[in-house]
């Protein structure tokens, strides 16, 4: 279990509020490899992201195995379809124990409401708790289509009962009016000296938290490093240093 194996390390070395603000991206097509990476990095990350690649490779076990290991699971499937289809998918994911599930806000009000209600129904049907739906505003690989569009999508997410939104760090300022109603999840996190890869709008972990991010989605900045633990420690030093 992740909690049992890492509690001493996380309590003595890593501030719990920072660990809770970090989500580890597991974008691989091998569940065994994903588990290995998550286990190594568990002292630094309380949440893991299961995206399309891992879910396509391993199916429901890609969610349930990490839930059983004590992680919060950010199920990043970016659902976008007719309301009935999205609702049915969200209900199933809720029954798996997914903590967060992403849905495109571009899908509209009916689709978002179906996702919110169905995710909760799925979790409650098996006696589980879930945090809710995260509305994807604009992908970090895209140029922002305009402040007005972003604000409209934030308001739609709040009105339909979404628990939060996913947005790029440079967009955080525009989402401030909803900070008290929506958890703000930020991907595209890169260390100051890191490669931006295929992301257009990125930010350092420190800058993203300072701008109001609640959860940082961290992947290649750590997972592609030759030494995973050294990279995670560097990330932590970067963040802890911002508080001193």
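Annotations
- Residues (over 19 Å from residue 134 (Cα atoms) and either crowded, with 24+ Cβ neighbours inside 10 Å or in contact with a helix residue (DSSP H, G or I) (Cβ under 9 Å, 6 or more places away or on another chain) (or both)) located in segment 67-90: 69, 70
- Filter result for residue 215 (at pLDDT 85 or above, farther than 16 Å from residue 19 by Cα and touching a strand residue (DSSP E or B) at 6+ places or on another chain (Cβ under 6 Å)): no
- The set of residues in segment 184-206 being in contact with a helix residue (DSSP H, G or I) (Cβ under 8 Å, 6 or more places away or on another chain) and at pLDDT below 70 consists of 194, 195, 197, 201, 202.
- Scanning segment 101-112 finds no residues that are over 22 Å from residue 159 (Cβ atoms) and modelled with pLDDT of 95 or more.
- For segment 215-244, the set of residues classified as surrounded by 17 or more Cβ atoms within 10 Å (Cβ to Cβ) and in a loop (DSSP other than H, G, I, E, B) consists of 219 only.
- Qualifying position, being outside any helix (DSSP H, G or I), out of contact with any strand residue (DSSP E or B) (no Cβ under 6 Å at 6 or more places or on another chain) and over 17 Å from residue 77 (Cα atoms), among 121, 171, 176, 180: 180
- Restricting segment 138-170 to residues that are surrounded by 15 or more Cβ atoms within 10 Å (Cβ to Cβ), at pLDDT below 95 and closer than 14 Å to residue 217 by Cβ, the residue that is nearest to the chain's Cα centre (by Cα): 167
The values are calculated or read from the model by the stated rules, or taken from the named source; none is laboratory data. None of these values were measured; they are calculated from a predicted model. For neighbour counting, all protein chains shown are included, and Cβ atoms are generated from backbone atoms with ideal geometry for every residue, glycine included.
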